[in-house]
Structure formats: C-alpha cells, structure tokens
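Q: Structure incoming, see below.
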Amino acid sequence: MHFGSRVRGAALSMATMSAAALLMTACQPGPDSAGSSASPSGTAKKPTAPSSGSPAPTAPSGGAGASAEPAGDSTPKAPASVPATATATTTPATKTRTCAAESMKAFMYQADVRPPGTGTGAAIVEFTNMSGATCALEGYPTVAGAANGTPEKNHPLTVTRTGSSSKVTLAPAAKAWVKMTFVQVQGEADGYCVSGTTPVTYPTLVVGLPSSGAHQLALEDGVLAECDNKVTVIAVTATKPS
C-alpha cells in the first residue's frame, strides 16, 4: 500500500531534521566559553573609561615621614623667595685698639705756616707708631706748658678746636700729626702781646691725645713763646700739615 510508504518517509524526514537541529545547538558557543566577551543578550561589552572627576591613582608611599605632592600636579615647585625686608646678618669687624703712649714716638717742630710775629707762632707734633701692631689715634690734643722734667707741674692752655675729627689708623711705622697755633708774640727783645699781657715762655709742652696718654716735648730751636695762654688745634690727622 502506498499509505505505509508515505508514513515511513515523513518519519524519516522528521528524524533527520531533529538530528540537524541538535547538531547546530551543539556548535553554538556557551556563555562560559574561554575568552568570551559577549553579554547574555549577545551585545559585546565596551571597557568603561574612568570619569574625568575620578582621582588619579596614589603613588606608593616613600616610607614613614614621606611628604606626598597633591595628586595630579607634577609641575616643579619654585623655591619660596626671600622676603624683601629680610637682611643678612653680618659679623662686626674687629675694633682697632687705641695707640698707647708707650707705643708712640712723638716729635715737635715749628710749623712753616704760622701767624706773623717774633714768637713760636705754630708748632706741629708728629706721632709714629713704634709697635708691631696696627693701632688708632683720634681726637683733639690737650696742650699745657711745663718746665723741663716736671710734666705734672704744667700750666694748661685754653684750647680752641677747629676742623672735624676722625679716627686715624696707623700701621707699624706709620705717622699722624697735630698742629697747634698760638697767639703770636710781637716786637723785638722780650716782645709784647697785642692784648697787653706779658709774653710767656715754656721750655716744654705736654701734648696729650684722648686715651693715648701724653708726651712732654721740646722744640729743637729754643723755648716756646706765646701770648694769652691760648692755642688753636686741629684733630689728629693722617695728612701732614705745614
């Protein structure tokens, strides 16, 4: 009968289709296959980019006490500037000692430039540093008339200061000077003073400097003659006066 043949053909076709379907199912990759990036819906997942507001990864600590720079700022920092009012501290220079009287050699002579008259008029004292070290002289001299060998029994003259005063530093063997100008004696023989007083003569003068002692000095060419016991002086100077 033809009916049985048709049934057997239909059954054979269904079996063939079922086997093909099973074969196709077995060939599909499963969700747990190695290397699969597909989602259950079949759409591939894209890597998620970090948002712009996310903090940068923190570098490993350099150890206890290490100071970390703010995250995301790799610009080198310039050193802080010194405030404009800051000043460097300097070490004060060593003060030069004052020349002692015993370290100085003093010599007195009559000045070339002096008031007109017949007396001494003016005299210059030259100081020489005889020590082996640098020292300093400063200030105006004191002046007193004295007899020979008795400097303590002297007669101080009234001193008028002129000019400015500054410290004079003397290296070994260096010199400094002071100049003294007296009220001049007038006339011949014993002379006279314009003020009407009697001229005075002194064999020596005692000349002192502040903190540097005093020296008793005599002129090489005679006694010192002056009027009124007055003298005008300049401060000790490194420039030789005339």
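Q: Residue separation times 0.36 nm, minus the C-alpha to C-alpha distance between T162 and V194: what's the value?
A: 9.3 nm
Q: Tell me which residues come under 5 Å, amide H to amide H, from S131 once H is placed; ignore anything under 5 positions away on its chain.
A: The answer is A173.
Q: Another question about this same structure. Give the ranking of D228, D112 by solvent-accessible surface, highest area first, calculated with a 1.4 Å probe.
A: Ranked list, largest accessible area first: D112, D228.
Q: Same structure, new question: Taking amide H atoms as placed 1.01 Å from N in the peptide plane, list the residues 5 or more away in sequence, or in a different chain, whose amide H sits under 5 Å from that of V183.
A: Placed amide hydrogens put C227, K230 under 5 Å from V183.
Q: Quick one: with all protein chains in place, what share of the accessible area of the stretch 168-241 is carbon or sulfur, to the nearest percent (1.4 Å probe)?
A: 54
Q: If we sort 189-201, 123-135 on the protection proxy, mean other Cβ atoms within 10 Å, highest first, what's the order?
A: Ranked by mean Cβ neighbours within 10 Å, highest first: 123-135, 189-201.
Q: Which residues' amide hydrogens lie under 5 Å from the amide hydrogen of H215, considering only partners 5 or more residues apart or on another chain, with H built in the peptide plane?
A: Placed amide hydrogens put V207, G208 under 5 Å from H215.
Q: While we're looking at this one, here's another question. Sort 165-173, 207-215 for me by packing, meaning the mean count of neighbouring Cβ atoms within 10 Å per residue, highest on top.
A: Per-residue mean Cβ counts within 10 Å order the peptides as 207-215, 165-173.
The values are calculated or read from the model by the stated rules, or taken from the named source; none is laboratory data. Nothing here was measured: the structure is a model prediction, and the numbers come from that model. Positions of Cβ are generated from backbone atoms using ideal geometry, with glycine treated the same way; all protein chains shown enter the neighbour counts. Side chains included, ligands, DNA and RNA excluded: accessible areas come from the protein's heavy atoms. Shrake-Rupley method; radii C 1.70, N 1.55, O 1.52, S 1.80 Å.
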